[in-house]
1. Sort out which residues of the stretch A:285-327 are within 23 Å of the chain's Cα centre (by Cα) and over 20 Å from residue A:243 (Cα atoms), and write them in order of number.
2. Taking residue A:175, is it of a type outside the set (S, T, N, Q), on the phi < 0 side of the Ramachandran plot, surrounded by 23 or more Cβ atoms within 10 Å (Cβ to Cβ) and more than 18 Å from the chain's Cα centre (by Cα)?
3. Would you confirm, using the coordinates I've provided, whether residue B:239 is farther than 26 Å from residue B:13 by Cβ, under 17 Å from the mean Cα position of the chain (by Cα), modelled with pLDDT of 95 or more and hydrophobic (A, V, I, L, M, F, W, C)?
4. What is the number of the single condition among (1) within 24 Å of residue B:194 (Cβ to Cβ); (2) out of contact with any Phe, Trp or Tyr (no Cβ under 6 Å at 6 or more places or on another chain); (3) in contact (Cβ under 8 Å) with a residue 12 or more places away in the chain that residue B:139 does not meet?
5. For the stretch B:39-54, indicate whether the set of residues that are of a type in the set (Asp, Glu) and either crowded, with 19+ Cβ neighbours inside 10 Å or at positive phi (or both) is non-empty.
6. Which of the residues that make up the stretch A:129-162 are assigned to a helix (DSSP H, G or I) and touching a residue at least 60 places away in the same chain (Cβ under 8 Å)?
7. State the number of residues belonging to the stretch B:263-298 that are free of Cβ contacts under 8 Å to residues at least 12 places away in the same chain, within 14 Å of another protein chain (Cβ to nearest Cβ) and surrounded by fewer than 12 Cβ atoms within 10 Å (Cβ to Cβ).
8. How many of the residues making up the stretch B:134-189 are within 18 Å of residue B:96 (Cα to Cα), polar (S, T, N, Q) and out of contact with any Pro (no Cβ under 6 Å at 6 or more places or on another chain)?
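The values are calculated or read from the model by the stated rules, or taken from the named source; none is laboratory data. Given the structure is predicted, the values throughout are model-derived calculations rather than measurements. Because the Cβ atoms are built from the backbone with ideal geometry, glycine has one as well, and the counts that use them run over all protein chains shown.
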Amino acid sequence: MSHATSAARVDADQPLVEARDLRTWFELRQWGFMRLGSVKAVDGVNFSLRRGESVAFVGESGCGKSSLARTLLGLHQPTEGDVIFEGQSMARLGRRGMRDYRARVGYVQQDPFGALPPFLDVRRILAEPLKIHGVGRSERERRIRAVLEEVRLSPADDYLRKFPHMLSGGQQQRVVIARALILEPSLLIADEPVSMLDASVRVEILDLLYRIQQRRELTLAFITHDLSTVRHFADRIFVMYAGRIVETATVNELLDHPQHPYTQALLAALADPDPDNALELREVPGGEAPSLLNPPPGCRFHPRCPKHMPGVCDVEDPENFEPRPGHLSACLLHR
Amino acid sequence: MAVPLLSVENLSLNYHTRQGLVQAVAGVDFEIRHREALVVLGESGCGKSSLAKTLMRTLPRNAGRPEGRVLLEGEDIMALDEERFRRQVRWLRIALVMQASMNALNPVVRVGEQVAEPLRVLRGWSRVRAQERAAEVFDLVGISTDFLTRYPFELSGGMRQRVVLAMALVTDPQLIILDEPTSALDVLTQASIMNVLKRIKREQGTSFILITHDVATSSELADRVALMYAGQIVETSSAAEFFREPAHPYARMLMDSVPRLHQEARPTHIPGQPPSLLDPPSGCRFADRCPQRFDLCERDPGAFRKGDRRRVRCWLHAGGSQLS
């Protein structure tokens with residue numbers, strides 16, 4: 001680990017993590033032996049995240065965003081392509097290398113209650129990763145108390161002996177965050193960290209994540225279906241559709257000048273609370289997200305796209321275009 | 001003045017639990033006029049789903065007997081015995097779309113049959129006639145009638161939600177209660193379901209109670225908003241009043257906690273937690289979290305009238321006349 005840190009100091013411009021033509025496919029079988037094909041959950045994803053940057057991956061269910069997160073965490077083997085972490089290829093990490101890698105990447109799950117073992121108290125939950133990585137008893141205790149303070153579960157003594165069911169949803173999520181942080185990772189992956197929480201608690205947890213990210217200069221990859229929460233908590237957005245990234249830009253640029261027709265549809269479907277919303281119907285593209293077993297040819301959004309150009313969009317696979325400076329969109333309209 | 005479609009007076013409901021009596025609904029009053037949509041807005045545990053179950057009489061076994069009156073076009077439906085309620089009210093005049101009910105469809109019965117079932121059971125219609133009506137409501141909710149003969153597993157989540165909605169519409173009820181109808185759905189599907197609801201309201205003149213925790217979605221259908229907190233309605237306002245100038249301190253803080261797409265202001269959270277309903281405070285239930293609390297808040301404010309139909313349960317609005 002110390003080696004990696006010194007390397008980082010040498011080359012601060014090197015991206016922390018990169019995905020290169022990443023594909024994660026799941027083979028689908030019927031009755032255990034009939035091959036039905038592959039679900040192409042992540043299908044050709046490229047990105048690179050800088051140190052200390054907060055990014056959001058936004059998309060609807062089934063777009064592959066959680067499979068992408070799990071691939072980055074090393075929980076799924078990529079079918080093709082590679083993840084490069086601090087210049088090292090994940091494919092070439094052995095068992096030991098993988099264990100060290102997992103210490104450098106924290107994971108905040110969606111459902112805090114499901115993510116916490118019900119029969120361990122907070123102290124044991126937080127001690128477990130430290131034990132696995134060989135941290136001694138007194139150092140463990142010190143780090144557990146420090147991290148509880150950091151996620152605002154203080155005084156720590158009030159929480160150390162509590163079991164998950166004795167905590168509120170917001171407090172459980174803080175424990176999950178504390179566990180993700182305890183090995184001092186440089187990348188934090190949060191998969192829908194607030195979708196199970198109440199509105200008034202959501203902002204509190206997002207604020208906390210954002211502050212921790214700023215203070216620790218972490219890279220935060222925040223996965224969400226809710227575009228309205230990202231403005232204040234991310235620097236850049238990746239919009240995903242059917243296993244691919246279709247649009248990338250900084251937050252304000254993307255929200256104020258969406259380029260891809262899918263992003264435009266998403267933004268048009270979202271309401272800010274306003275009494276006039278009840279007076280008019282919203283523009284919603286017809287149809288549904290395609291099956292990832294047999295995605296449509298050409299642009300994957302073309303069957304639903306209001307601006308679809310017959311003979312073009314259903315044939316050609318769109319590459320990334322740059323319709324505005326620094327703003328990438330995979331749509332043939334920009335050609 | 002015309003008799004409102006539904007008027008709920010001082011409704012209360014308790015649950016018996018091992019820890020004691022939980023007061024889930026504590027003296028709730030509201031009314032809905034014909035063709036009106038009322039949003040019951042609140043966070044989890046505020047009693048909003050219990051309210052729906054009380055109105056439909058589908059309470060779990062550990063619920064106590066509800067108190068208060070529920071008048072449907074002037075008739076007290078709480079006083080009806082179970083058999084008459086089943087024959088005359090449930091699903092015929094008030095239908096319910098429960099939370100996640102799209103996952104409760106019978107997996108081995110064609111969806112057309114399931115949608116037609118209320119007509120066959122409650123109205124005694126023939127299979128053919130009921131199927132014809134089912135085809136009509138499929139049209140209404142925007143599903144092709146080809147889907148009548150499909151099974152639930154062949155439909156996507158959004159389609160199944162439309163089927164459940166069709167089932168609620170099939171008897172042409174006056175009031176449909178929707179409990180979190182879109183919370184499990186994707187953004188685009190959610191928007192198209194809300195479009196369907198708006199169209200039904202406009203074309204069929206159905207009234208709705210929309211129960212939700214989602215402030216932004218609630219504004220898609222609301223004529224009026226009732227905000228619940230810890231078992232009580234703390235504010236009832238028209239949609240325009242509520243979304244532009246909420247009156248209750250909780251309403252204001254809740255609106256400030258909503259992240260917005262098109263606004264620079266950073267959302268803020270509400271510190272603290274709602275009180276336990278095992279032993280709720282005797283005064284204002286929001287007082288502990290309220291930045292504007294003062295000595296009067298130790299006592300229950302009751303609902304103050306502001307204007308014709310606006311009610312606010314807060315001492316800061318004591319200028320209006322008190323109701324109870």
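1. Initial filter on the stretch A:285-327 (within 23 Å of the chain's Cα centre (by Cα)): A:288-293, A:295, A:300-301, A:319-320, A:326-327.
Of everything in the stretch A:285-327, just one residue is within 23 Å of the chain's Cα centre (by Cα) and over 20 Å from residue A:243 (Cα atoms), namely A:326.
2. On the way: of a type outside the set (S, T, N, Q): yes; on the phi < 0 side of the Ramachandran plot: yes; surrounded by 23 or more Cβ atoms within 10 Å (Cβ to Cβ): yes; more than 18 Å from the chain's Cα centre (by Cα): yes.
Spelling it out, residue A:175 is indeed of a type outside the set (S, T, N, Q), on the phi < 0 side of the Ramachandran plot, surrounded by 23 or more Cβ atoms within 10 Å (Cβ to Cβ) and more than 18 Å from the chain's Cα centre (by Cα).
3. Values: farther than 26 Å from residue B:13 by Cβ: yes; under 17 Å from the mean Cα position of the chain (by Cα): yes; modelled with pLDDT of 95 or more: yes; hydrophobic (A, V, I, L, M, F, W, C): yes.
So residue B:239 passes the test.
4. Every listed condition holds for residue B:139 apart from (3).
5. Of all residues in the stretch B:39-54, those of a type in the set (Asp, Glu) come to B:43.
Now restrict to residues that are either crowded, with 19+ Cβ neighbours inside 10 Å or at positive phi (or both): B:43.
The answer is yes, given that some residue of the stretch B:39-54 is of a type in the set (Asp, Glu) and either crowded, with 19+ Cβ neighbours inside 10 Å or at positive phi (or both).
6. Of the stretch A:129-162, the ones assigned to a helix (DSSP H, G or I) are A:129-132, A:137-150, A:156-158.
If the condition is that a residue be assigned to a helix (DSSP H, G or I) and touching a residue at least 60 places away in the same chain (Cβ under 8 Å), then A:150 is the only one that fits.
7. Count: 2.
8. Count: 4.
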